[in-house]
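Written below as structure tokens is the structure these notes are about.
The values are calculated or read from the model by the stated rules, or taken from the named source; none is laboratory data. Not measured: the values here are computed from a predicted model. Cβ placement follows ideal geometry from the backbone for every residue including glycine, while neighbour counts extend to all protein chains displayed. Ligands, DNA and RNA are excluded from the accessible area calculation, which covers all protein heavy atoms including side chains. Shrake-Rupley method; radii C 1.70, N 1.55, O 1.52, S 1.80 Å.
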Amino acid sequence: MSTGELRVLRAGVLTTVQDLGRPGLAHLGVPRSGALDAPAAALANRLVGNRPDAAVLEVTLGGLEVVTSVGRWVAVTGAPAPLHVGGTARGLARATWLAPGERLRLGAPPAGVRSYLAVGGGVAAPPVLGSRSTDVLAGVGPPPVRDGAVLPLGAPSGPPAALDTPRPPVPGPLRLLPGPRADWFAADALERLRDTSYVVLPASNRVGLRLDGPPLPRVRHEELPSEGMVLGAVQVPPDGRPVVFLADHPPTGGYPVVGVVAREDLWQCAQLRPGDRVRFAISPAG
Amino acid sequence: MRIREVGEHAFLVEVDDAGSALALAAWARTTGVEATDVVPGAGTVLFDGVAADLAERLAGWPGPSEAAPGGLVELPVTWDGEDLDWVARRWGTDPDGAVDRLCGIELVSAFCGFAPGFAYLTGLPAELAVPRLETPRAQVPAGSVALADAWCGVYPSASPGGWRLLGRTDAPLWDVDREEPALLAPGTRVRFARG
């Protein structure tokens with residue numbers, strides 16, 4: 001089947017190309033990157049019959065408008081941005097046919113932050129170091145999508161999925177596994193984390209979810225020699241306010257990590273808005 | 001060696017120093033220890049995306065003495081950095097003397113971080129350590145050769161930075177189209193020269 005292109009009429013606040021990212025290069029200082037709400041991006045790909053590694057568009061707070069040069073199945077998941085295709089309202093999280101020249105428009109989602117648009121065949125922007133993901137920290141990968149951008153599409157790899165795809169996960173407290181540097185904090189730090197309702201700060205982005213709340217006091221005050229950081233690490237800088245590291249996090253860091261958010265809960269960090277409240281649950285409990 | 005759990009999928013292994021971390025990371029790669037990422041740090045190695053038997057595998061590490069030396073890169077540098085005079089005074093010499101001193105040391109890339117291809121070079125004697133700037137510069141030019149504590153680094157791209165600037169090099173430090181994108185990947189030996 002012939003490949004085509006996706007023309008971006010309006011890109012909104014921030015739209016990036018994302019796939020599974022480029023893990024395995026942290027030792028060279030390259031962030032892993034990839035879709036922030038990974039289950040939503042995976043669902044969108046399944047719905048249109050794409051392989052799991054196909055690239056999608058990650059749309060921040062809606063405002064995207066695109067047309068394609070060829071007919072393709074499309075699906076929108078993640079933050080529930082109102083979807084219009086050719087002026088007609090369409091449902092989310094299901095495959096919808098987008099005819100050539102027909103306009104697809106995503107409005108502002110009433111909740112959540114990031115919506116995912118999958119197109120049959122995937123967005124075929126040139127890969128960099130094995131991935132098409134835009135990394136906003138280090139600038140690896142394609143630049144953020146701008147108004148007027150023309151993105152190549154790959155050849156469709158399969159038919160759209162049936163409607164009964166797995167249910168999206170349900171939100172809840174972020175399960176936190178203590179360590180590796182929980183011993184740098186006061187003995188009651190984990191209880192404080194568990195008992196605090198943190199407020200999401202506006203400086204949150206693809207690098208990290210920044211939280212406001214009573215500072216977590218440290219008992220060790222020396223500098224931590226730089227060490228490797230993982231996805232979901234809850235790093236505590238000198239101001240005592242936790243930052244949950246997301247896909248574009250720096251691969252090494254010099255502030256202690258009090259715990260790590262369970263991988264299955266990280267999608268929530270992609271959908272929390274500034275001002276939203278979030279809690280941690282210490283796992284295993286007790 | 002102490003192994004700390006990092007979430008469900010990773011372990012942080014504490015070793016004596018950056019040299020040991022580099023040696024352990026190199027050993028893990030060459031002996032096929034299963035991990036998505038093996039990330040040496042200043043005194044640790046992070047194994048991310050690992051099999052559960054990591055501790056057993058690491059018990060086979062013969063120790064830091066087994067590290068095979070990496071390739072040598074010579075970097076020609078124009079020594080006109082804004083902090084060269086300051087560093088020279090701190091070292092009790094003049095700019096020429098400081099450059100001679102630095103060019104006489106073989107450094108080793110211990111780990112990368114901060115930015116793609118930004119290598120933390122170790123080998124500077126402790127008495128030459130310098131504090132970081134109290135207020136980082138908003139913009140440090142690409143190719144800047146700089147010091148902080150006993151680390152030496154070369155900025156692969158322009159960025160904010162708090163290290164003391166000694167000079168600059170035109171060497172291509174980072175190129176995503178090269179098979180090895182980082183010129184100074186961990187383990188690489190480095191010598192500065194007058195360029």
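May I ask you to list the trypsin sites (Lys or Arg not before Pro) in region A:106-195 that are in a DSSP loop and have at most 12 other Cβ atoms within 10 Å of their Cβ?
A:146
Give the separation of the Cα centroids, region A:159-223 to region B:84-151, in Å.
For region A:159-223 versus region B:84-151, the Cα centre distance is 36 Å.
If contacts are Cα pairs under 8 angstrom and at least 6 residues apart, what is the relative contact order of chain A in percent?
With pairs under 8 Å counted, the relative contact order is 22 percent.
On average, how much accessible surface per residue is there in region B:53-195, in Å², for a 1.4 Å probe, leaving out ligands, DNA and RNA?
The answer is 47 Å² per residue.
How many square angstrom of accessible surface are buried between A and B, both sides summed, with a 1.4 Å probe and rounding to 100?
2500
By how many degrees, between 0 and 90 and to the nearest 10, does the Cα long axis of helix A:38-47 differ from the longest principal axis of chain A?
Relative to chain A, helix A:38-47 is tipped by roughly 20 degrees.
In terms of the Cα gyration tensor, with a ≥ b ≥ c the square roots of its eigenvalues, is region A:128-174 rounded because a/c is under 1.5, prolate because a/b exceeds b/c, or oblate?
Cα axes put region A:128-174 in the oblate bin.
Does anyone have the angle between helix B:18-30 and the longest principal axis of chain B? Alpha-carbon axes, 0 to 90°, nearest 10?
50
So if I take the centroid of the Cα atoms in region A:68-128 and the same for region A:35-51, what is the distance between those two points in Å?
12
Rounded, prolate or oblate: which fits region B:101-195 when a ≥ b ≥ c are the square roots of the eigenvalues of the alpha-carbon gyration tensor, with rounded for a/c under 1.5 and prolate only if a/b beats b/c?
Oblate, because a/c is 1.5 or more while a/b does not exceed b/c.
Go ahead and run the numbers for FRET between residue B:5 and residue A:197, Cβ-Cβ distance against an R0 of 25 Å, rounding to 0.05.
Taking R0 as 25 Å, the efficiency between residue B:5 and residue A:197 is 0.40.
Which residue fluctuates the most in chain B, going by a Gaussian network model with Cα springs under 10 Å, if the choices are B:184, B:12, B:107?
B:12
Please name the residues of region A:190-229 whose accessible area, counted over protein heavy atoms with a 1.4 angstrom probe, falls by no less than 50 Å² between the chain alone and the full protein assembly.
Those residues are A:226, A:228.
Only counting protein heavy atoms at a 1.4 Å probe, give the residues of region B:46-66, ordered by number, whose accessible area falls by 10 Å² or more when the other protein chains are present relative to the chain alone.
B:46, B:48
With a 1.4 Å probe and all protein chains left in place, how much of the accessible area of the protein assembly as shown comes from carbon and sulfur atoms, in whole percent?
Its accessible area is 53 percent carbon and sulfur atoms.
With a cap of 16 neighbouring Cβ atoms within 10 Å, and only residues DSSP puts in a loop, list the GluC sites (Glu not before Pro) found in region A:216-257.
Hits after loop and neighbour filter: A:222, A:223.
Using DSSP to define loop residues, name the GluC sites (Glu not before Pro) in region B:22-78 whose beta-carbon has at most 14 other beta-carbon atoms within 10 Å.
B:34
Determine the shape class of region A:1-157: with a ≥ b ≥ c the square roots of the Cα gyration tensor eigenvalues, call it rounded for a/c under 1.5, and otherwise prolate if a/b is greater than b/c, oblate otherwise.
The shape class here is prolate.
Do any residues of region A:18-34 show a loss of at least 50 square angstrom of accessible area between the isolated chain and the full protein assembly, using a 1.4 Å probe, and if so which?
At a threshold of 50 Å² (probe 1.4 Å), the residues of region A:18-34 that become less exposed are A:27, A:28.
Would you mind getting the accessible area per residue of region A:194-286, heavy atoms of the protein chains only, 1.4 Å probe, in Å²?
Ligands and nucleic acids excluded, the result is 38 Å² per residue.
Rounded to two decimal places and with Rh computed the Kirkwood way over Cα pairs, what is Rg over Rh for the protein assembly as shown?
My calculation of the ratio gives 1.00.
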